[in-house]
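Derivation of every value follows stated rules applied to the coordinates shown; laboratory data play no part. Please read all numbers here as calculations on a predicted model, not as lab measurements. Reconstructed Cβ throughout: ideal geometry from the backbone, glycine too, with neighbour counts over all protein chains shown.
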Amino acid sequence: MRKNSNSFKKIYLLRGRIFWSFVFLLIASLSIFYVFQINREISERYSLEKYEKALNELSEQNRALSIAFLEKSSLDNIENLLATLNFEEVKNTSYIQVLGNQVVVKEK
């Protein structure tokens, strides 16, 4: 009967070691997974902040360009530009009339 009780103790101890080894491996693997997930999240947040900063800079540039465009295309500036280019106002406009099916062909 002693042999059976010793064998049961050995089996019990072996099962306990297997169980605690499994628990240790599980905790170690979950800890490693946690570290990698945190690292990934931090890098994504850094990338997101970088893209938000770039977006803000582009928005500022867009606003500045819109203001510059509106200043350049104002009526006062266009009138001044027309005055410096010596354009004249058109008073009479005439258009060429094409009759029906007539087509002009250049001969060689």
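For GluC sites (Glu not before Pro), the sites in the range 32-108 that DSSP calls loop and that have at most 14 other Cβ atoms within 10 Å are E88, E89, E107. What the phi angles of the range 36-47 give under the Karplus curve with 6.51, -1.76 and 1.60, with θ = phi - 60°, is a coupling list of 5, 5, 5, 4, 5, 5, 5, 5, 5, 5, 5, 4 Hz, glycine and proline written as x. If you take the alpha carbon atoms of the range 66-108 and fit the smallest convex hull around them, that volume is 236 Å³ per residue. Between the helical axis of 75-84 and the longest alpha-carbon principal axis of the chain there is an angle of about 50 degrees.
Cα centroid separation, the range 67-108 to the range 17-40: 77 Å.
Calculated mean residue ellipticity at 222 nm for the chain: -27500 deg cm²/dmol, from DSSP H runs with n ≥ 4 weighted as -39500 (n - 2.57), summed, divided by the residue count and rounded to 500.
Can you compute 3J(HN,Hα) from phi for each residue in the range 14-23, using the Karplus curve 6.51 cos²θ - 1.76 cosθ + 1.60 with θ = phi - 60°, rounded to whole Hz and x for Gly and Pro? Once θ is set to phi - 60°, the couplings for the range 14-23 become 5, 5, x, 5, 4, 4, 5, 5, 5, 4 Hz.
When the charge dipole of the chain is built from unit charges on Cβ atoms (+1 for Lys and Arg, -1 for Asp and Glu) and taken about the Cα centre, the candidate among I38, F19, Q61 whose Cα reaches farthest toward its positive end is F19. Our compactness index for the range 1-97, the C-alpha radius of gyration over the empirical 2.2 N^0.38 Å, is 3.20. Annotation: lysines with alpha-carbon distance below 16 angstrom to K53 (same-chain offsets under eight excluded): none found.
A simple charge model with +1 on the Cβ of Lys and Arg, -1 on the Cβ of Asp and Glu and nothing else charged puts the dipole of the range 2-84 at about 2020 debye relative to its Cα centre.
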